[in-house]
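Just so you know, all these numbers are worked out from the coordinates, no wet-lab data involved. Keep in mind it's a predicted model, so treat the numbers as computed, not measured. For neighbour counting, all protein chains shown are included, and Cβ atoms are generated from backbone atoms with ideal geometry for every residue, glycine included.
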Amino acid sequence: MTAYDVGLLILRVVLGLTMAAHGYNKFFGKGGLKGTAGWFDSMGMKPGMFHARVAATTEMAAGLGLAVGLLTPIPAAGFVALMFVAAWTVHKANGFFIVKEGWEYNLVLAASAVGIATTGAGKLSLDYALLRNSAVYDYLHGWWGLAIAAVLGLAGGIGQLVIFYRPPAKQSA
């Protein structure tokens with residue numbers, strides 16, 4: 001075990017559990033799924049209940065998957081899709097900086113997940129423990145990890161927006 005592996009573990013766990021907490025909050029926080037569904041409907045992600053369930057489930061699965069380092073590029077792709085959709089639907093109009101509710105935080109979460117997919121989850125991961133001696137392991141890091149996380153994530157996010165996003169009409173004053 002090296003400091004590199006411990007550093008990756010810390011990053012994976014903090015990043016993953018942060019995302020999982022967002023999913024948990026959508027399920028069980030104030031307002032629960034019903035409140036989340038209403039919010040999604042109001043921003044143009046219809047049907048809201050469907051998107052509330054998908055977002056909450058994906059946040060929890062991607063977060064926990066990244067935290068334990070299981071098939072790492074796949075949960076990283078989940079981060080990319082989630083953060084792309086969030087940045088586009090909620091934060092884009094606010095500019096870059098998080099202090100003005102911009103898309104800065106979305107970028108940091110997505111890029112961090114892609115970075116982990118590129119380096120690999122490290123020796124303190126389920127990828128290493130379960131798959132290091134299999135042919136699959138070579139696809140869980142390096143250029144393949146980067147490509148899977150970025151391409152699959154962007155395809156998922158863009159696809160969701162194209163199929164479901166209908167921004168509400170702006171009201172004139």
Put a dot 7 Å past each Cα toward the Cβ at N133 and F97; how far apart are the dots in nm? 5.5 nm
Please list 3J(HN,Hα) in residue order for region 69-82, calculated via the Karplus relation 6.51 cos²θ - 1.76 cosθ + 1.60 where θ = phi - 60°; whole Hz, with x for glycine and proline. x, 10, 6, 2, x, 5, x, 4, 4, x, 4, 4, 4, 4
Taking the dipole of the chain about the Cα centre (Lys, Arg +1; Asp, Glu -1; charges at Cβ), the one of L33, L140, M60 that reaches farthest to the positive side is L33
Projecting each Cα onto the charge dipole of the chain (Lys/Arg +1, Asp/Glu -1 at the beta carbon, about the Cα centre), which of F97, L15, L70 comes out farthest on the positive side? F97
Nearest-ten-degree value, helix 48-68 long axis tilted from longest Cα axis of the chain: 20 degrees
For region 150-164, take each phi angle, set θ = phi - 60°, evaluate the Karplus expression 6.51 cos²θ - 1.76 cosθ + 1.60, and give the result in whole Hz per residue in order, putting x for glycine and proline. 6, 5, 4, x, 5, 4, x, x, 5, x, 5, 5, 4, 7, 10
Given the Cα atoms of region 1-145, and with Rh set as the inverse mean 1/r over their pairs in the Kirkwood sense, what is Rg to Rh to two decimals? 1.02
Let's see if you can work this out: charge +1 on each Lys and Arg Cβ, -1 on each Asp and Glu Cβ, no other charges. What is the dipole magnitude of the chain about its Cα centre, in debye to the nearest 20? 500 debye
Hey, what do the phi angles of region 15-21 turn into as Karplus ³J(HN,Hα) couplings, whole Hz, using 6.51/-1.76/1.60 and θ = phi - 60°, x for Gly and Pro? 4, x, 5, 4, 5, 4, 5
May I ask you to derive the relative contact order of the chain, considering only C-alpha pairs under 8 Å and at least 6 residues apart, and to give it as an integer percent? 26 percent
Whole-Å distance, taken between Cα centres, linking region 74-131 and region 1-30: 11 Å
Less than 24 Å apart at the alpha-carbon level, and either on another chain or at least 8 residues along: which lysines does that give for K100? K26, K30, K92, K170
